[in-house]
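The values are calculated or read from the model by the stated rules, or taken from the named source; none is laboratory data. Predicted, not measured: the structure shown is a model, and the values here were computed from it. Neighbour counts are summed over all protein chains in view; Cβ atoms, including those assigned to glycine, are modelled from backbone coordinates with ideal geometry. Surface areas here come from the heavy atoms of the whole protein model, side chains and all, with no ligands, DNA or RNA. Shrake-Rupley method; radii C 1.70, N 1.55, O 1.52, S 1.80 Å.
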Amino acid sequence: MMVIILCFSTNVFGATFEADYILDKDQEKIPIPVAYTADRVMCFFGEKVGALNNPQDLFIDSSNNLYVVDTDNNRVLRMTLDGKVTGVFNGPADFPLSEPNGIYVDEKGNMYIADTGNERVVVLSKDGKFIKEYTKPTSELYDQSYPFRPMKVYVDRTGYLYILNKDDYHGLIILDNENNFRGYIAPTKLEFSLRDLFIRLFATKEQKEALLKRLPPAHSNFLIHDDGMIYATTIRTEKAQIKKITPIGNNIYKKTDFFGEKLDDYGNIVEPMFVDLCVDKNGIITAIDASKSKIYQYDPEGNLLAVFGGYGTWRGKFVNPSSIVVDSEENLYVLDASANCIQVLKPTRFMKTVHYAIGLYYQGKYKEAIKPWKEILNSDPYYIIANKGLAKALMKQERWKDAMVFYKKAEDKEGYSQAFDNYRHENFKRYFLVYVLGFVLIVMGLYQLIKRLYQITNNVR
């Protein structure tokens, strides 16, 4: 099947992106060099396949096949990374797909599809044949009051199936290969609110009842990375919008961490709404905020690397982004549910160098990471993450004084204090004998001075 690739028109200046930026500690925008450029747009896939209709999910398997969950067309497309369709799957003939929303593909090419409208997860073979299905658990430990509406799916190394159920605050559902319920993981919780406390103390009965009906925020998407960590996005929350969860369910990011922005481009207060994320081989997280149609990229520790994209109908802009994946070359594939297309974004040299430096650092190659960080600072001396990254690399080499310089440029008080403490401790160890000898000499000098003054006083008497 032949694919036709359409390109959106650029703006009047010929640019595909407005200024990319990062945020300082006060949420002020700091311009940075362009992070990604729009390489191509795929909207129509030949006469037989046609166009997408409200697509909701993307997935790239180990063989570099790109899968698209074409929700309102009730099908899944498999294609090459350049857009050549190699398979169209509608599900079993006697029980076809209905409003599918998510997909996971294993190493054999078996497709696990969140068949939301049919309230199941259906498994199809590489050639589309029915293998099995997962339905609502019958266990007493499963909350039967919640409808079974699978939205996203993933399979871990042990073969357990993880399901994100629509609007379910209990957490991710875990099923074994026999459809047995194995519990929930990473449930969300209502955080303490001073406003809620006052309502409980002074509100009317009706207001209190309304408060009791409030539910914790729900996960909007998730994935399981090669390192076994679960990365999840959460909506309708004032913090912890992105989570990095251990296999036992603990979020290693601080509960107070905030991701995204509180203001839109016009200064209006908005709530971040992350709907999907992807994680590359270096642990770099790229997430979609559907409320602003922007893309936010973070390093493995949650430090902001870049913000780009935004609302628009030309290349590099999005109307309603719904899913994002990354390939082995660090290219991003962004699915737009309203524009019914896939945009492919390529990292610039600047961004590739940032990723390279981060990769070296997390591989323990601290000395090698210094050179790319300096290269980045030559093009943008105010890039916060480069100053911080260089400081961290210098810290690993125990160059405390040099690290203090770059922590100061990054306005990282915690890092600067740590470098200063190490610098002071090292100096104390290095000059300990000198300090002791100096102290002894001072004491002896004072003793001799006092002794001499005492003798002079006696002579005067």
What residues qualify as long-range amide H neighbours of Phe59, i.e. H under 5 Å apart, gap of 5 or more or another chain, H built at 1.01 Å from N? Tyr67
Step through the residues of the stretch 283-291 one at a time and calculate ³J(HN,Hα) from phi using the Karplus curve (6.51 cos²θ - 1.76 cosθ + 1.60, θ = phi - 60°), rounding each to whole Hz and writing x for Gly and Pro. x, 7, 9, 10, 10, 9, 9, 5, 5
Straight-line reach from Lys136: which lysines fall under 22 Å, measuring Cα to Cα and dropping same-chain residues less than 8 apart? Lys152, Lys166
Which whole-number value in Å³ per residue fits the convex hull of the alpha carbons of the stretch 303-461? 161 Å³
Area projected by the alpha carbon convex hull of the stretch 213-300, averaged over all directions, nm²: 6.3 nm²
Surface share of carbon and sulfur [accessible, 1.4 angstrom probe, percent] for the chain: 54 percent
Which log10 I(q)/I(0) values, to two decimals, does the stretch 225-368 give at q = 0.13, 0.21 Å⁻¹ under the Debye formula with one point per Cα? -0.58, -1.42
With -39,500 (n - 2.57) per DSSP H segment of 4 or more residues and division by the full residue count of the chain, the 222 nm estimate, nearest 500 deg cm²/dmol, is -8000 deg cm²/dmol
Please give the charge dipole size of the chain, origin at the Cα centre, charges +1 on K and R Cβ atoms and -1 on D and E Cβ atoms. Round to the nearest 20 debye. 2280 debye
Based on the Cα coordinates of the stretch 254-308, what is the per residue volume of their convex hull in Å³? 84 Å³
Can you quote the Å³ per residue value for the convex hull of the Cα atoms in the stretch 276-355, rounded to an integer? 81 Å³
Please report, in whole Å, how far the alpha carbons of the stretch 101-184 spread along each principal axis, starting with the longest. 36, 27, 18
Tail beyond 37 Å, pair distance distribution of the chain (Cα, percent): 37 percent
Which whole-Hz couplings ³J(HN,Hα) result when phi for each residue of the stretch 35-50 is put into the Karplus expression 6.51 cos²θ - 1.76 cosθ + 1.60, θ = phi - 60°, listed in order with x for Gly and Pro? 8, 9, 10, 6, 7, 6, 10, 10, 10, 10, 10, x, 5, 6, 8, x
Accessible area of the chain divided out per residue, in Å², using a probe of 1.4 angstrom: 52 Å²
Near the amide H of Ser338, under 5 Å away, which other amide H atoms are found, from residues 5 or more places off or on another chain, if H is placed in the peptide plane? Asn320
Put Asp264, Asp227, Asp39 in order of accessible area, largest first, 1.4 Å probe: what do you get? Asp227, Asp39, Asp264
Cα-based reach from Lys367 at 19 Å (exclusive), listing lysines while leaving out same-chain residues under 8 positions away: Lys352, Lys388, Lys392, Lys396, Lys401
Which residue, Asn320, Leu360, Gly283, has the largest displacement toward the positive end of the dipole of the stretch 276-380 when charges sit on each Cβ (Lys, Arg +1; Asp, Glu -1)? Leu360
Dipole check, the chain, charges on Cβ (K,R +1; D,E -1), about Cα centroid: among Leu304, Phe439, Tyr454 the Cα furthest to the positive pole belongs to Tyr454
Place a +1 charge on the Cβ of each Lys and Arg in the stretch 387-427 and a -1 charge on the Cβ of each Asp and Glu, then give the dipole magnitude about the Cα centre in debye, rounded to the nearest 20. 120 debye
Note down the net charge around Pro92, summing +1 for each Lys or Arg and -1 for each Asp or Glu among other residues with Cβ under 12 Å from its Cβ. 0
Go through Pro247, Pro216, Phe258 and say which Cα lies farthest out towards the positive end of the charge dipole of the stretch 215-261; charges sit on Cβ, +1 for Lys and Arg, -1 for Asp and Glu. Pro216
Restricting attention to the stretch 115-152, which trypsin sites (Lys or Arg not before Pro) occupy a DSSP loop and are surrounded by at most 11 other Cβ atoms within 10 Å? Lys129
Is the stretch 26-155 best put as rounded, prolate or oblate by its Cα gyration tensor, with a ≥ b ≥ c the root eigenvalues, rounded for a/c under 1.5, and otherwise prolate when a/b is larger than b/c, oblate when not? oblate
